Amino acid sequence: MASEALKPVAPSVEGDMNSTSAVEESAREAKLAELDILRQALEEKERLAQESRDQMLRARAELENARRRWEKERVEALDYGRYLVLRAVFYLWDQLGLCLKALQADKQIDVKIKEGFELFEKNQEKFLRDQGVLRVPAEPGQAFDPLHQEALRLEESDLEEGRIVSVEQEGYFMGERLLRPARAVVSKKKRLSG
């Protein structure tokens, strides 16, 4: 009898263990499902955060590129403004240069007037240097350079063909930009008479 009494107890403990195990398994599956949902939500948030980071980096790069472009355009606009002003000023200086040549040739003109024009010419050179402007190299006897010099006419000369006979108007550079070419008379071969 004692063994019969134990038998009913054994199945009920076993049944309780099965029901506890099933509850634990169900709770574990629910926790795993919840973790899977949380993992998916986290992955979605990380994807959205990465997209936002990428958009921010693109926007920052676009802003930096625009800033560089604006700075370059600003510098170019300033250079172009200087270019326009200097081109207008060159005409006036050319006229003053012609006056100085005429004064130097005339021995009757007052020395003070000549000195005044010579002082103006020195100040002109300083002004040009301060603006970053250099003269186009052009001297009598030099080879003519069509990239930086303009031929006003060809003239028979004792010089080798294609050499500068005289410079009629100075040319100028500002940086690498040619503001105006030097205007020169260029030598050509002498014709044989006969």
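The values are calculated or read from the model by the stated rules, or taken from the named source; none is laboratory data. Only a predicted model underlies this, so the values are computations on that prediction, with no experimental measurement involved. As a convention, Cβ positions derive from the backbone with ideal geometry for all residues, glycine included, and neighbour counts pool all protein chains shown. Just the protein is used for accessible areas: all its heavy atoms, side chains included, with ligands, DNA and RNA removed. Shrake-Rupley method; radii C 1.70, N 1.55, O 1.52, S 1.80 Å.
Annotations for the structure displayed:
- Per-region count, segment 33-88, residues among the aliphatic types (A, V, I, L, M) and within 30 Å of ALA182 (Cβ to Cβ): 7
- Residue that is modelled with the highest pLDDT, among those in segment 128-168 that are touching an Asp or Glu at 6+ places or on another chain (Cβ under 6 Å) and closer than 27 Å to VAL85 by Cβ: LEU152
- Any hit, segment 15-26, residues being aliphatic (A, V, I, L, M), open to solvent by 80 Å² or more (accessible area, probe 1.4 Å) and modelled with pLDDT under 90: yes
- Cβ-Cβ under 8 Å pairs, at least 6 apart or on other chains, segment 173-194 side under 14 Å from TYR83 (Cβ atoms), far side charged (D, E, K, R) and open to solvent by 100 Å² or more (accessible area, probe 1.4 Å): LEU179/ARG87; ARG180/ARG87
- Those strands (runs of 3 or more DSSP E) of segment 99-194 in which at least 2 residues are farther than 30 Å from GLU76 by Cα and more than 43 Å from the chain's Cα centre (by Cα), considering only elements entirely within it, cover 149-156.
- Of the residues making up segment 65-77, one or more are at pLDDT below 90, open to solvent by less than 80 Å² (accessible area, probe 1.4 Å), within 24 Å of TYR172 (Cα to Cα) and assigned to a helix (DSSP H, G or I).
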